1. Mind checking which residues of segment B:352-362 are in contact (Cβ under 8 Å) with a residue 40 or more places away in the chain and crowded, with 17+ Cβ neighbours inside 10 Å?
2. In segment A:79-100, which residues are open to solvent by 20 Å² or more (accessible area, probe 1.4 Å) and part of a helix (DSSP H, G or I)?
3. Which residue out of A:Arg103, A:Arg144, A:Arg117 is part of a helix (DSSP H, G or I), within 13 Å of another protein chain (Cβ to nearest Cβ) and either touching a Gly at 6+ places or on another chain (Cβ under 6 Å) or touching a residue at least 60 places away in the same chain (Cβ under 8 Å) (or both)?
4. Of the residues A:Glu193, A:Glu201, A:Glu197, which single one is more than 30 Å from A:Gly92 (Cβ to Cβ) and in contact (Cβ under 8 Å) with a residue 40 or more places away in the chain?
5. Please work out which one of (1) surrounded by fewer than 17 Cβ atoms within 10 Å (Cβ to Cβ); (2) within 21 Å of the chain's Cα centre (by Cα) is the condition B:Ile349 fails and give its number.
6. Using beta carbons and a limit of 9 Å, which pairs, at least six apart or on different chains, have the first residue in segment B:210-230 and farther than 25 Å from B:Asp170 by Cα and the second one assigned to a helix (DSSP H, G or I) and open to solvent by 10 Å² or more (accessible area, probe 1.4 Å)?
7. Every residue in segment B:303-316 that is within 14 Å of chain A (Cβ to nearest Cβ) and either open to solvent by 10 Å² or more (accessible area, probe 1.4 Å) or assigned to a helix (DSSP H, G or I) (or both), please.
Amino acid sequence: MSDSAGEVPSTSETDAIVEGDALVREYSRGGSGGVFGSTDAPTVRAIDDVSVAIERNEVVGIAGPSGSGKSTLLHLLAGLDIPTDGHLTIDGTDIATLSTRQRGALRLETVGIVFQRFHLLDSLSARANVALPLLEAGHAKGPRRERAEELLSAVGLPDRVGHKPGQLSGGEQQRVAIARALATDPALVVADEPTGELDSESGDRVLDLLVNAADDRAVILASHDQQALDVCDRVIQLRDGQVVGGQ
Amino acid sequence: MLGRLRALVGLAVARVIGRVRIAPQRVLLSLLGVALAIGLMVAVSGVSLGLASESVIESEGVDYWVVPEQSNVESIAVSAGGLQLGDVHATSVELQQDSRVDYATPVLLELVPVQDRVTGERTYVLTAGVVPAEGTTVLGLPASELEPGDPYYGNGSYNGTWTGEVILNDAAASVTNVSAGESLSLVDETNRTLNVMNVSTGGSGTAGGTVPVMVMHLAELQSLTGATNGDTADQLLVSTNDRSVRSSLEGRYAGTTVVTRSGISAQQVSSSNLPLAVAVAAFVSAVVVGVLFVTTLMGLEVSADRQQLGALAAIGYSSRSLSTVVAAETVVISVLGGVCGIGVGILGIFGANTLAGRLFGLDSIAIFQPVLAGYAVVVAFVIGLLGAIYPVWVSRRSDVVEVLS
């Protein structure tokens, strides 16, 4: 970490990369009070008393119908959101103790995120997109380029380093996104519907890469796609915010 | 730290370039807004710079007027009883010896009473006494039609040949009912007559179409008005095509100042701080207009771009880094607009000068100096910084989870 203000305090040592205990995430319906909102607005419990522990080398799927809380749980486990109640650690760090900035620094260092819609920057080359986390982490230009090219080779795109996202197929863009997620060598990769916008052949290739990524880290994969869930070591089934099966 | 800042600015530049390629409308509108604001500022600043430096005198065929330092500029046109210069015949001879000078003549302005040729009534005519030479034009009247030199002066004895030659403008001929070749009687104890050599319609520099004006030899006017003692006149007119003459004239005669006919308004403006006021108004207008354009359009741009910014935040980009990227994008667009604005400003200056030339006969009312280009870029940078406040605020209030859901 180049930015000392954003350094993440490590609070415990554990075998699990992610450990959540009795996690609850509530949202208030109708705003959070203030001038126009009601202070006693009803709340929705998107995640209700969920406990998970995900270890290194594991590929864990999160499944469930729409509205079951898959994305909410994924956001919590990725450190994008904080639970309303319960206890969550990522790579040994208690999320509740971190400021927004520190959570950002934790994600940069520890969590790689793969989005359903890739979210690559259209104006940048594949190499520059992969190097984005390294830029924020303060790496110099030379090492950034070197690492990005190495990762693009690893995902099978050595000849696409200079291509813009618009010049790549959907599958290729998702592979670039996976390379970006691995750029800082995180302990955890979370993927939200990574095959949702891909054909089956491209989807297979993306899933292979995610499974391979679990060699030295944990991978969490939220998906409707049974093909994606089939590659997981285990699947957490959610319904109405609660775990109803799997684990 | 500096390397990271450079990398973030590089990222901002890449995003701007990408946006210009993919969806250029808002970026180009922002750029156009700043370009127009900066262009207007450059053009107006060019005018105020022109006024402040009296660029209007920088034209060929200019007349310089050496006047007493404490007299005001209006005395060039009409002077009656104000401060005067002395020993003017000798001075004008000295000036004539400069090869850059076409002609130099003292000018004495007096109101002379004459008699209406028909009614015999007394009337007053504004009279300029000069030492005519080839090409001499005073108050728009062709003094060169008078006998060259000043025969009556007689090396200061004022007993040379009295010519009585005068040239009238239309108004003077009208109020005195005389024509060319006729005589005009003075109303004084001498009862001398003047010979009307010509009646001229006058030029652009005439004292006014309705003001009766005539031109005659200086020594004769001096003798009529009692100005022979000390050989006085109101000012010296120096005609030249060489602008360097001005610096030669300045400080050459103690207690005098040098102005130009076309520079009269400029001198008045300069002394009133108007150029500075105009420049400040142009600056404020450019900043306000530019900031409004940039703020509005970049605010919309950032709103439309929340998903990409949200993705960067999800990756781990801090709010400060994202703010830096957004601010750098805004500044880059603004500075690019500023650079375009320099071109717009130069066109504006060209247009203003063309218009001034056609409407007022002035060669140059505005000037472009390289410092204006630097000024434009600095102001565009300021516009970018001020205009970035709102887009940065929009980017910071985005919720990552909400944006990515």
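The values are calculated or read from the model by the stated rules, or taken from the named source; none is laboratory data. Only a predicted model underlies this, so the values are computations on that prediction, with no experimental measurement involved. FYI the Cβ positions are ideal-geometry reconstructions off the backbone, even for glycines, and counts take in every protein chain you see. Note: accessible area is taken over every heavy atom of the protein model, side chains too, but ligands, DNA and RNA are not part of it. Shrake-Rupley method; radii C 1.70, N 1.55, O 1.52, S 1.80 Å.
1. To start, the set of residues in segment B:352-362 that are in contact (Cβ under 8 Å) with a residue 40 or more places away in the chain comprises B:352, B:361-362.
B:Ala352, B:Leu362 - these are the residues of segment B:352-362 that are in contact (Cβ under 8 Å) with a residue 40 or more places away in the chain and crowded, with 17+ Cβ neighbours inside 10 Å.
2. A:Ala96, A:Thr97, A:Thr100
3. Numbers: A:Arg144 fails: either touching a Gly at 6+ places or on another chain (Cβ under 6 Å) or touching a residue at least 60 places away in the same chain (Cβ under 8 Å) (or both); A:Arg117 fails: part of a helix (DSSP H, G or I).
None of the other options fit; the residue is A:Arg103.
4. Numbers: A:Glu193 fails: more than 30 Å from A:Gly92 (Cβ to Cβ); A:Glu201 fails: in contact (Cβ under 8 Å) with a residue 40 or more places away in the chain.
Within the list A:Glu193, A:Glu201, A:Glu197, the selection yields A:Glu197.
5. Of everything listed in (1) surrounded by fewer than 17 Cβ atoms within 10 Å (Cβ to Cβ); (2) within 21 Å of the chain's Cα centre (by Cα), B:Ile349 misses just condition (1).
6. Hits for this filter: B:Thr228/B:Gly156.
7. From segment B:303-316, those within 14 Å of chain A (Cβ to nearest Cβ) are B:304-316; that's our starting set.
Those that are within 14 Å of chain A (Cβ to nearest Cβ) and either open to solvent by 10 Å² or more (accessible area, probe 1.4 Å) or assigned to a helix (DSSP H, G or I) (or both): B:Ala304, B:Asp305, B:Arg306, B:Gln307, B:Gln308, B:Leu309, B:Gly310, B:Ala311, B:Leu312, B:Ala313, B:Ala314, B:Ile315.
Yes/no matrix, rows are residues, columns are (1) at pLDDT below 85; (2) touching a strand residue (DSSP E or B) at 6+ places or on another chain (Cβ under 9 Å); (3) not in a loop (DSSP other than H, G, I, E, B):
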{"residue": "B:Val16", "(1), (2), (3)": "no, no, yes"}
{"residue": "B:Leu28", "(1), (2), (3)": "no, no, yes"}
{"residue": "B:Ile38", "(1), (2), (3)": "no, no, yes"}
{"residue": "B:Gly46", "(1), (2), (3)": "no, no, yes"}
{"residue": "B:Val67", "(1), (2), (3)": "yes, yes, yes"}
{"residue": "B:Glu94", "(1), (2), (3)": "no, yes, yes"}
